[in-house]
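The values are calculated or read from the model by the stated rules, or taken from the named source; none is laboratory data. Everything numeric in this text was worked out from a predicted model, so none of it was measured. Virtual Cβ from ideal backbone geometry, glycine too; neighbours counted across all protein chains shown.
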Amino acid sequence: MKNLLKELNLNPPYYNTSSGQEHWTGQGKKTVVIKSPVDDNTIGSIQLTDKKSYEAIVETANSAFKIWKAMPAPQRGEIVRQFGDALRKEKENLGKLVSYEMGKSLQEGYGEVQEMIDICDFAVGLSRQLYGLQMHSERPNHRMFEQWHPLGIVGIISAFNFPVAVWAWNAALAWVCGNVCIWKPSEKTPFSAIACQEIFKNILKQNNLPEGISNLVIGDSEIGKLMASDQNIALVSATGSTRMGKDVAETVGKRLGKSILELGGNNAIIVTEEADLNVAIPAIVFGAVGTAGQRCTTTRRLIVHKSRYQDLLEKLKEAYKQLNIGDPLNETNHVGPLIDTDAVKAYLKTIEEAQNQGGQLVYGNKVLEGEAFKSNCYVTPTIIEANINMEIVKHETFAPILYVFPYDTLKEAIAIQNNVPQGLSSAIFSQNMQHVETFLSNSGSDCGIANVNIGTSGAEIGGAFGGEKETGGGRESGSDSWKAYMRRQTCTINYGKGAQLAQGIIFNV
Ligand code: UN1
């Protein structure tokens, strides 16, 4: 798998045609080499963005904002529509690049590009629906309403597991709302980001718009810190670990900036006595092993009614045996590699720790070696019988490890499900209406996402995406998430002849 960027028909400087080696320059002193977790081959090198070039980018973004915000929102929507069309054309190449750079299965690579296309469509419609409310004023001959204005520069920090889709959730909305963006992708998956940025830059060029509407900075956490502390960045939308999110929240909070946080998950599925296992099992397996367990929505815990426990465990083992692990670009494989060898270490350490804490290994715990595995990042999805006293089940490890718990009453199942610091996604499999409604009631799941007879991952873009507790409380993507990318202005107009104060206050001069 070579020259993926060239296949995308994009122009230099982001690949160097003379040496045939992809290279991107952010002007900094440090250069990093990007290797694919699929086969350990070099994709290219990245010269990281330094402080000076970051500052120049902020300046470019600020001047682009003046032009972009002056355009009517539906015209901005038209630019996003063109971007969505360009993504449709490039879906195959881009999907392959995402899959090769990140290691997710090709189907999921395509799915990620589709998620970008979908959010573009959503944003185009939204560009004509940035509604404010109108209220009745308490004073005669007065009109009161609210309107929404863009914020300025939106900083987007995205993670390696969704190298492009989560950026698009943020960027497409931010753009139609009139903002310009500075994107810091994960330094583990920069080439997918570079490709998207270049595709959008071409659209801007074709429309005679300034490039500064969309900007890319590639660097380590230092660049993230610069963005978080920079008054120029009105909103920082960050996806990643809870630890990173706390740092961003603190730094942005100190300057009273805005943030959207989409942090760790520790998602559970409850399987009740009336669950249809034909529906539940494929959802559990996809939720637990999809993206090799590296989604924030990955199913990490399975809470099963004791009457179904043994049967489900057996069926699950059978399903895990059917999984093909290997090169994610080969479509017969379900599971690709983990992102790097550090992730493999974390997988092994977590399984060992779980066993030390009383967990029983049911399946997995293997790093795969041999001809078929061209890097040291392939592992077997793992199932562990767990108990509620195990501390480790409260932690998110970005690997395909599924903890299984038996339960007796639904109340107990919900308590187990909620008894973790994170609150992103949750699901129940049941044909019993009372159980389903209890799970959805305010004494049910405490998560931002609660699904019925659907797994924890694979959310559609139309809903607001995000979670509670240590997941950070942010909402992105659909519903009214756009409001976070704008500032609300309440306006009251007096079209009468006299001056009147609210609350009936008399003040004669
Ligand atoms: C993430 O893992 O950061 O719901 C996002 C899902 C995807 C997005 C996951 N649509 O699994």
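Among the residues of region 415-463, which ones are without any contact (Cβ under 8 Å) to a residue 24 or more places away in the chain and away from the ligand (no atom under 12 Å from the Cβ)? Once the filter is applied, which keeps residues that are without any contact (Cβ under 8 Å) to a residue 24 or more places away in the chain and away from the ligand (no atom under 12 Å from the Cβ), region 415-463 yields 415, 433, 434, 436, 437, 440, 441, 442. The condition of being free of Cβ contacts under 8 Å to residues at least 40 places away in the same chain and either within 15 Å of the ligand (Cβ to nearest atom) or of a type in the set (Val, Ile, Thr) (or both) holds for residue 332.
Out of 234, 238, 288, report the one residue that is outside the structural domain of residue 343 (by TED's automatic domain parsing), surrounded by 24 or more Cβ atoms within 10 Å (Cβ to Cβ), of a type outside the set (Lys, Arg) and at negative phi.
Of 234, 238, 288, the one residue that is outside the structural domain of residue 343 (by TED's automatic domain parsing), surrounded by 24 or more Cβ atoms within 10 Å (Cβ to Cβ), of a type outside the set (Lys, Arg) and at negative phi is 238.
Residues that are more than 17 Å from residue 298 (Cα to Cα), over 25 Å from the mean Cα position of the chain (by Cα) and either without any contact (Cβ under 8 Å) to a residue 60 or more places away in the chain or outside the structural domain of residue 358 (by TED's automatic domain parsing) (or both) do occur in region 376-387. Looking across 22, 101, 115, one residue alone is surrounded by 18 or more Cβ atoms within 10 Å (Cβ to Cβ), acidic (Asp, Glu), modelled with pLDDT under 95 and touching a Phe, Trp or Tyr at 6+ places or on another chain (Cβ under 9 Å). It is 22. Checking each residue in region 464-476 for being within 11 Å of the ligand (Cβ to nearest atom) and either among the acidic types (Asp, Glu) or free of Cβ contacts under 8 Å to residues at least 40 places away in the same chain (or both) picks out only 476. Considering only region 243-265, I want to know if a residue exists there that is in contact with a Pro (Cβ under 8 Å, 6 or more places away or on another chain) and either part of a helix (DSSP H, G or I) or under 30 Å from residue 108 (Cα atoms) (or both). No. Listed by position, the helices (runs of 4 or more DSSP H) contained in region 99-217 that have at least 3 residues being closer than 21 Å to residue 228 by Cα are 165-176.
This table checks each residue for (1) in contact with a helix residue (DSSP H, G or I) (Cβ under 6 Å, 6 or more places away or on another chain); (2) not in a loop (DSSP other than H, G, I, E, B).
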| residue | (1), (2) |
| --- | --- |
| 275 | no, no |
| 283 | no, yes |
| 315 | yes, yes |
| 331 | yes, no |
| 347 | no, yes |
